[in-house]
Amino acid sequence: MISAVAYLDRDPLPARRLEFLRVARREHAVLDSIGSAPYPVHTGQDLLDLAARVYRDAMGRGPIEHLALIMHGSTTGILRPGSGHGIHSWAVAPPRLYNVRKFALAWKPILAPNALISLCACLCGRSPAWWLRRAFGRIPSPWGLVSYRSGGKRSFAGRLRDAFADIDHPIRVRAHTVVGHVTASPMLREFGSAPGEPGRSLFEIALPGIEPIRANRRRWVRLVRGELARDWMMGDDSAIIRIRELWPCEGHVGTVS
């Protein structure tokens, strides 16, 4: 896949800023990336303007098949959502903040149909607290059963997928449901190109028929955290086969008959 890699280049904590840069440089090196280096961004306007720059850099190579965004995230936004900089599910406050529709319109000319967007950011695959409270009567733990099953219809990742579908340009989005490392967290969902559908958890995709009982959840975290999570997030579907091959036989307790 032809990839473009962007990262947040500003943060009050130098260690976090350096980690975004370190991960971005690694991904830029191992992926089939355009440009001489990963792209730094820190405002919503930067993310919109980046589409035109990527378009120029990709001339002669065809459309971008994979966009990796390495930055902060939340259930309703990416980049620096806590300070109102980036892309939001619905809010607009130019030039700092734009909504998912503006992002979709900017990136439609350069992203291939059914391209993958990797949201390497916290919580983007999880629905907001108000939705979870309405659906479950409480706010379930992001590390609990909910994250092992399909869900996230109201998440930022789901809204982003829907924004592209609304302009007749289907894409796929992979995203985290928890707070954690930008690529190594094992709690992941994919939002397919069909609008309005919940995201499928990587657990369900890799281990169909296996119940996420406590023992299996612990096994999952130990096995998938790190390289396997990173590989799948970045579009390497062989990670699914590797998970199945490495899954311990005794882990099949809880299989649905």
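Just so you know, all these numbers are worked out from the coordinates, no wet-lab data involved. All of these numbers come straight from a predicted model, not from anything done at the bench. FYI the Cβ positions are ideal-geometry reconstructions off the backbone, even for glycines, and counts take in every protein chain you see.
Can you give the local net charge around Pro212? Use residues other than it whose beta-carbon is closer than 12 angstrom to its beta-carbon, Lys and Arg +1, Asp and Glu -1.
Working: positive: Arg149, Arg214, Arg217, Arg218, Arg219; negative: Glu204, Glu211.
Local charge sum for Pro212: +3.
For the chain, what is the convex hull volume of the alpha-carbon atoms per residue, in Å³?
Working: hull volume 31.6 nm³, N = 257.
Dividing the Cα hull volume of the chain by its residues yields 123 Å³.
Quickly work out the Asp32-to-Ile241 label distance, labels modelled 7 Å from Cα along the C-beta direction, and quote it in nm with one decimal.
Using points 7 Å along Cα→Cβ, the separation is 1.8 nm.
Expressed as a whole number of Å, what is the distance separating the alpha-carbon centroids of the stretch 198-240 and the stretch 71-133?
24
GNM on the chain, C-alpha springs below 10 Å: top fluctuator among Arg159, Arg53, Arg96?
For the chain, modelled as a Gaussian network with Cα springs under 10 Å, the answer is Arg53.
Starting from 0.36 nm per residue, how many nanometres of slack lie between Ala58 and Ser141 once their C-alpha separation is accounted for? If you can, show how the numbers build up before the last one.
Working: separation 83, 0.36 × 83 = 29.88 nm, distance 4.14 nm.
Full-extension gain reported as 25.7 nm.
State the extension gain, in nm to one decimal, for the chain segment bounded by Cys249 and Leu13, taking 0.36 nm per residue of separation less the distance between their alpha-carbons. Please list the in-between numbers first.
Details: separation 236, 0.36 × 236 = 84.96 nm, distance 4.31 nm.
Gain on extension, Cys249 to Leu13, equals 80.7 nm.
Give the percent of DSSP beta bridges with both residues in the stretch 2-202 that are antiparallel, rounded to the nearest 5. Intermediate results must be reported in sequence, preceding the final value.
Working: 14 of 38 bridges.
Bridges in the stretch 2-202 that DSSP calls antiparallel: roughly 35 percent.
Please identify, among Gly35, Gly73, Gly158, the residue showing maximal mean-square fluctuation in a Gaussian network model of the chain using a 10 angstrom Cα cutoff.
Greatest mean-square fluctuation among the candidates belongs to Gly35.
As a check on your grasp of the helix formula, calculate [θ] at 222 nm for the chain: sum -39500 (n - 2.57) over DSSP H runs of n ≥ 4, divide by the residue count, round to the nearest 500.
Values: 9 runs with 90 residues, N = 257.
One gets -10500 deg cm²/dmol as the mean residue ellipticity at 222 nm.
So between Ala93 and Lys108, what do we pick up on full extension, going 0.36 nm a residue minus the alpha carbon distance? Don't jump to the answer; show the numbers that get you there.
Details: separation 15, 0.36 × 15 = 5.40 nm, distance 2.14 nm.
Once the chain is fully extended between Ala93 and Lys108, it gains 3.3 nm.
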